[in-house]
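Notes to accompany the following structure.
The values are calculated or read from the model by the stated rules, or taken from the named source; none is laboratory data. The shown structure was predicted, so the numbers you read here are calculated from the model rather than taken from an experiment. Here the Cβ positions follow ideal geometry from the backbone for every residue, glycine too, while neighbour counts run over all protein chains shown. With ligands, DNA and RNA removed, areas are computed over all heavy atoms of the protein, side chains included. Shrake-Rupley method; radii C 1.70, N 1.55, O 1.52, S 1.80 Å.
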Amino acid sequence: MRFIIPIAVVLLLLSACKTTHAVTVYNLEPAPVTLAKDIKRIGIVNEVGKSDAKDQVSSLEALVKATDQKLANEGTEAAIEGLLAELQADKRFDTVMILKSANSIWDSKRGEQQAIPWPELERLCLENKLDAVFSLASYQTDTRITERKSSMEELDLLRMAVVVPARELTLETLIENGWRIYDPFEKKVLDEIKVNEEIVLQAKAESAVSALRSMTNRADSLVSVSRGSGSSYGMRLKPVNKAIERQVYIKGSDRIEKAKEAVLNEDWLEAARLWQLELNHQKPAIRAMACHNMAVLYEIKNDLEKAIEWAVLAQTHEDNKAHTGYLETLKECAKQKRLAEQQLKALAVLSIKN
């Protein structure tokens, strides 16, 4: 116990001495995936195939595994449907279709490293007049089972609530989706990514198996997450607002410290008023802090040009790594925003044409 008090005091002191506070800004970034303008007709394949599951199992672990295999089939279908809906809503594509399972066109056995069957993919594209193929390349679920003693209420024969022993079951299911985009004619993988999602469910019953069977919403949760994964992958073709953490100074002068409450309340007008009162402070470091905070404020307002102007002033007052680094970051953000706006304009033109 004698070691706990000093540690708590140290943590408290560190918190009290913290000189910055994290805020969130949202910057428009270009689409992570850029396709050639002549890619207009898309096919979607499921490389995963279907899992075989046993219907008659008794042990909890075997039952969870069998359930996961069944749900995986529903999950892959939902993931494909989510991607299909997103691509069909994208006006740049003339055709988006689901092709028959491509699992059979991979020659190697399950579990071995599989070579991409470019001739077969090219044949699929030629037969269906397609320009590229999107693929659900992998889909895996892994469930961690936690079981413990518990209790629950139930009604006895007299319809009275009584507390009885129970088993509490927790299932933490990790879902990994792998996606690819193929250009069969150039024999290129245009994009490849794996995405992890997690579902956590709990239930109580007289036995762990009964608790598992009571998790009737597990299938719906997995299907919903999988469909969202497919939709999210389709969104990689569009610009996105990305959340980024920035730091504002909350210590250094009386006014900067006073502005902390306004920052915590997101009262940016009051915070800006106090920061600007420090622009003529006798210490260059304080002037730099105030300018830096103003730069962050304009980044929050999504006015990167103004943010850059304030960041330049901060560097002018105090030329250090922190201010120089933030200035370079803002310049890169502005560059990426311009590119993203060009992409959005191109998408808007396509929408008007269609």
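Give me the distance in nm between label points sitting 7 Å out from Cα along the Cα-to-Cβ direction at Asp319 and Thr216, one decimal.
My value for the distance between the label points is 7.1 nm.
Based solely on its DSSP helices, what 222 nm [θ] is calculated for the chain when runs of n ≥ 4 H residues each add -39,500 (n - 2.57) and the sum is averaged over all residues, nearest 500 deg cm²/dmol?
Roughly -15000 deg cm²/dmol at 222 nm, from the helical runs in the chain.
Determine the gain in length on full extension of the stretch Ala115-Leu264; use 0.36 nm per residue of separation and subtract their C-alpha separation, reporting nm with one decimal.
Taking 0.36 nm per residue and subtracting the Cα distance, the gain is 48.3 nm.
Using packing as a proxy for protection, rank 140-147, 288-295 so that the peptide with the highest average count of other Cβ atoms within 10 Å comes first.
288-295, 140-147
At a Förster radius of 22 Å, what calculated FRET efficiency corresponds to the Cβ-Cβ distance of Ala346 and Val240, to the nearest 0.05?
0.90
Which of the peptides 214-225, 83-94 is most tightly packed, and how do the rest follow, judged by the mean count of other Cβ atoms within 10 Å per residue?
Values: 214-225: 15.4, 83-94: 17.0.
In descending order of packing, they fall as 83-94, 214-225.
Quick one: 3J(HN,Hα) in Hz for segment 307-319, Karplus 6.51/-1.76/1.60 with θ = phi - 60°, rounded, Gly and Pro as x.
Computed from phi, the couplings for segment 307-319 are 4, 5, 4, 5, 5, 5, 5, 4, 5, 5, 6, 8, 7 Hz.
Send over the Kirkwood Rh of segment 108-191, from the inverse of the averaged 1/r over different Cα pairs, rounded to one decimal Å.
For segment 108-191, inverting the mean 1/r across all distinct Cα pairs yields 17.7 Å.
Suppose all protein chains stay in the model; what accessible area per residue would a 1.4 Å probe give for the chain, in Å²? Each step should come with its number before you reach the end.
On the way: 20860 Å² over 354 residues.
It amounts to 59 Å² per residue over the chain.
Binning every alpha carbon pair distance of segment 137-294 at 10 Å from zero, what are the percents per bin?
9, 20, 14, 14, 21, 16, 6, 1, 0
Given segment 217-262, what whole percent of its Cα pairs are spread farther than 16 Å?
The share of Cα pairs beyond 16 Å in segment 217-262 comes to 66 percent.
If the cut-off is a Cα-Cα distance under 23 Å, which lysines reach Lys335, setting aside same-chain residues fewer than 8 apart in sequence?
Lys37, Lys238, Lys242, Lys301, Lys306, Lys321, Lys345
Could you list the square roots of 5 times each eigenvalue of the Cα gyration tensor of segment 202-354, that is, the equivalent ellipsoid semi-axes, sorted largest first and rounded to whole Å?
Ellipsoid semi-axes (Å, largest first): 44, 27, 13.
Run through all the Cα pairs of the chain and give the fraction in each 10 Å bin from 0, expressed as whole percent.
5, 17, 18, 17, 20, 16, 7, 1, 0
In the chain, carbon and sulfur make up what percent of the accessible area (probe 1.4 Å)? Intermediate results must be reported in sequence, preceding the final value.
Numbers: 10720 of 20860 Å².
Accessible surface attributable to carbon and sulfur in the chain totals 51 percent.
Along its three principal axes, how long is segment 67-206 when you only count alpha carbons? Whole Å, largest extent first please.
Taking the Cα atoms of segment 67-206, the three principal extents are 72, 37, 22 Å.
I want to verify the translational diffusion coefficient of segment 227-308 in µm²/s; compute it with Stokes-Einstein, Rh as the Kirkwood radius over Cα pairs, at 25 °C and 0.890 mPa s.
Rounded, D is 171 µm²/s.
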